[in-house]
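Peer 1: Before I ask anything, here is the structure I am working with.
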Amino acid sequence: MRSHLEARLLASVATVEDFEALGSIGVGEDDFSHYRPMYKYLVSVIQSQGKVPRFLDLKQTFNLPETVTRAASEFRFLLGEFRKLVVAQRLQETIDKNVEEFGEDPDALLESLLKSLMSIQTTSQRHSSVTDQSMADRMDIYAQRARRLAAEGLIGIPTGISHFDEKVKIGWVPGELNGLVGRTYTGKSWLLLYFGVVAWQRGVKVLFVSPEMPVEETEARFDALVMCRNDIRVDVSDLYRGYVPSPQMRDLAGRIGKTSNWITYSASDDGRLGLTELARLVNHYQPGLLLVDGISLLEAGKGRRQQVWESIKDISYGLKNLAVALNVAVIICHQANRSAHNTARPPGLHEIAYGDDFARACDRVLALSRPQSLEGQETLRVTIQKFRKGEPVFGGIDFAFDPGRGQINELVPGDTSRTGDNGEDSEAGEGTGVSLSLP
Amino acid sequence: MRMRTQVGRSLQRGLYCRRLRLRGSRMNLGQFWQKVCLGRFGAFTTGGDVRRINELAEANGENQMRYAIQQYAKEMPSPSVKDFESWLAGQELPDEAVCAAYLTEDPEIVRMAEKLETLRGAWFPSAETEDEIHELESRLKGLLL
């Protein structure tokens, strides 16, 4: 049955494009167990002559059964059937291999199976496109994007960084992996929350995953940020200690309580979180934006020990695959390993554990630094070190940064939210509130 | 568009800049260490400590050392030259010009130095970024060193 399908499929390859279609669905030499020499022969003839061999030659050389013919009209059907067969076979092989390896430990088996099966799914979904032929279709897509841009002001999810939102007009895009790097206590987690709040206020569903911070702490930070953006100032330490909310706060909380667009997830009991669990969470909650507070506590997969470089590489590319496969924008923090007295300089690639792999996997990399505070204004500087869809910004973008009181906002010339030179805050309503303060 | 570093008019006058430089350099580093120890920690220093600090200052740059002592004093509850040396070995301090700029505490000069440090942190600097770095370096060195 299988050998017959292989023979019919290869015999039906009438053009070089047909042959390329095999590769485009992920079918290769290894998938032909009976007619592998015939496949190799097709490759060699196409490479040497630029065309497929005659059916007669194929039939005589490989002694094809009488029932096998070259019917160009059958090719697409046969290709579809063969792909199903290949996927079924890979599934079987994956399950067998995993059962053999982890059969004694059901938890490890489940973890490993989920990971392996997801990679099969990704492969089958990875599609190629006939680039020249589809050019006309792309014109429609571009026009559609332009209409969206005109209507919404930007493509993707708002970032809260004017360079992306207003200049380039490309926010966080589904399928993108975005890295946030900074030294200890620079403000990575706060900035991550800020990105989340900006997106959430525009109605985007946010999944915040923290492998180290408890849910309670994350939610207190969320409250402080959201209140500040609604011109209500509260010290986040007060929230940890206990605080009697004002009527305005209760009113705001009541209005926000009607939405359910922000999910906070803390690490599992052992403090580790696997990529497969992340994928499960994304599948379950279907967020538009996934925020992961720290790469170091993520793990690529259970069942085998890994070197750090392997782990960072696997997690980085695993997250990228996850972003593409599940069509979600992902932002992840990664820590730089130096705490020097040169806080104005963004951490270098060499200071990030296996930064090369991390940077390669990311579509954008934002590095954080903290210029000296001389005018009573804490500042966080965000430099855009890598931006696949645009130019990097090495000079940095400054944020007014008083996260303890929920204030994080980009500093623009003439910004009214900047506190005075004496460092004293002005009254509430100074301009940190934003027009879109509620989703 | 190329970034233009805005430096105040007064800053561009050499006299003012020399005054800035002098303000930070009235005492040698040994004396500065003594002052920091006495003023901040109430601890006494020995002649050997002062000599060692002066030696370190000769080996590194003077501004860098002064800046390092300042930072060390902010962090450490009790000073010792030995501890300072091991602390220093683990630091990656800014270069002489940037340290000199930080020591002036002049907002415009500090801003300029920070801009320079930020640009130096570029992972894949473009030719334009390199030019900007060079320009800022020359200006800071011209002003402060």
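The values are calculated or read from the model by the stated rules, or taken from the named source; none is laboratory data. Predicted model only: the values in this text are computed from it and were never measured. Note that we place each Cβ from the backbone using ideal geometry, even for glycine, and neighbour counts take in every protein chain shown. Heavy atoms of the whole protein, side chains included, go into the accessibility calculation; ligands, DNA and RNA do not. Shrake-Rupley method; radii C 1.70, N 1.55, O 1.52, S 1.80 Å.
Peer 1: Give me D for region A:29-68 in µm² s⁻¹, whole number, from Stokes-Einstein with Rh from the Kirkwood sum over alpha-carbon pairs, 4 °C and 1.567 mPa s.
Peer 2: The Stokes-Einstein estimate is 121 µm²/s.
Peer 1: Quick one: give the max-minus-min coordinate of the C-alpha atoms of region B:43-111 along each principal axis, largest first, in Å.
Peer 2: The Cα atoms of region B:43-111 stretch 37, 25, 21 Å along the principal axes, largest first.
Peer 1: Still on this structure: Against the empirical 2.2 N^0.38 Å scaling, what ratio does the C-alpha Rg of region B:79-138 come to?
Peer 2: Cα Rg divided by the expected 2.2 N^0.38 Å: 1.38.
Peer 1: Going by accessible area, probe 1.4 Å, with all protein chains left in place, what is the ranking of A:Glu6, A:Glu20, largest first?
Peer 2: A:Glu20, A:Glu6
Peer 1: Here is a further query. On alpha-carbon atoms, Rg over Rh for region A:159-220 using Kirkwood Rh? Can you show the working numbers first?
Peer 2: Values: Rg = 12.7 Å, Rh = 13.1 Å.
For region A:159-220, the value is 0.97.
Peer 1: In region B:85-131, what residues drop by 50 Å² or more in accessible surface going from the chain by itself to the full protein assembly, probe 1.4 Å?
Peer 2: Buried on complex formation: B:Glu92, B:Glu114, B:Glu117, B:Thr118, B:Trp123, B:Phe124.
Peer 1: Where does chain A land at 222 nm, in deg cm²/dmol rounded to the nearest 500, when only DSSP H runs of n ≥ 4 count, each adding -39500 (n - 2.57), divided by all residues? All intermediate terms of the calculation are to be shown ahead of the outcome.
Peer 2: Details: 14 runs with 188 residues, N = 439.
Result for chain A, helices only: -13500 deg cm²/dmol.
Peer 1: What would the Debye formula give as log10 I(q)/I(0) at q = 0.12 Å⁻¹ for the alpha-carbon point model of chain A, no solvent?
Peer 2: For the requested q values the scattering log ratios are -1.06.
Peer 1: Can you send over the solvent-accessible area of A:Asp105, 1.4 Å probe, protein chains only, in Å² to the nearest 10?
Peer 2: About 70 Å², rounded to the nearest 10.
Peer 1: So with the 1.4 Å probe, I'd like the accessible area per residue for chain A, rounded to whole Å².
Peer 2: 49
Peer 1: Ignoring everything but the protein chains, give the 1.4 Å probe accessible area of B:Asp131 in square angstrom, nearest 10.
Peer 2: Looks like 80 Å² after rounding.
Peer 1: At 1.4 Å probe size, with the rest of the protein present, what percent of the exposed accessible area of region A:1-108 is carbon and sulfur atoms?
Peer 2: Ligands and nucleic acids excluded, carbon and sulfur reach 51 percent.
Peer 1: Total accessible area buried between chains B and A, 1.4 Å probe, in Å² to the nearest 100?
Peer 2: Between B and A, the summed buried area is about 2200 Å².
Peer 1: Between 0 and 90 degrees, rounded to the nearest ten: what's the tilt of helix A:275-285 against the longest Cα principal axis of chain A?
Peer 2: That helix lies at roughly 80 degrees to the long axis.
Peer 1: Provide, for q = 0.11, 0.12, 0.15, 0.19 Å⁻¹, the log10 of I(q)/I(0) from a solvent-free Debye sum over equal Cα point scatterers in region A:62-187.
Peer 2: So the normalised log intensities work out to -0.82, -0.90, -1.01, -1.09.
Peer 1: Using just the alpha carbons, could you tell me how many Å³ per residue the convex hull of region A:71-114 encloses?
Peer 2: On the way: hull volume 2.3 nm³, N = 44.
Cα-based convex hull of region A:71-114, divided per residue, equals 51 Å³.
Peer 1: How large a share of the accessible area of region A:121-270, in percent, is made up of carbon and sulfur atoms when the probe is 1.4 Å and the other protein chains stay in place?
Peer 2: About 50 percent, which is the carbon plus sulfur part of the accessible surface.
Peer 1: Compute the orientation-averaged projected area for region A:1-82 from the convex hull of its Cα atoms and round it to one decimal in nm².
Peer 2: Details: hull surface 19.2 nm².
Computing the convex hull of the Cα atoms and averaging its projections yields 4.8 nm².
Peer 1: Now, a different point. What nm value, rounded to one decimal, do you get for the distance between A:Gln92 and A:Glu29 when each label is placed 7 Å out toward the C-beta?
Peer 2: 2.4
Peer 1: Okay, next question. Return, for the Cα atoms of region A:188-285, the radius of gyration and Dmax in Å, separated by a comma.
Peer 2: Reported Rg and Dmax, both Å: 14.3, 43.
Peer 1: Oh, and also: Using a 1.4 angstrom probe on the protein heavy atoms only, could you order A:Phe19, A:Phe75, B:Phe124 from most to least accessible area?
Peer 2: So the residues, ranked largest to smallest area, are B:Phe124, A:Phe19, A:Phe75.
Peer 1: In what sequence, largest accessible area first, do A:Thr383, A:Thr15 appear using a 1.4 Å probe?
Peer 2: In descending accessible area the options line up as A:Thr15, A:Thr383.
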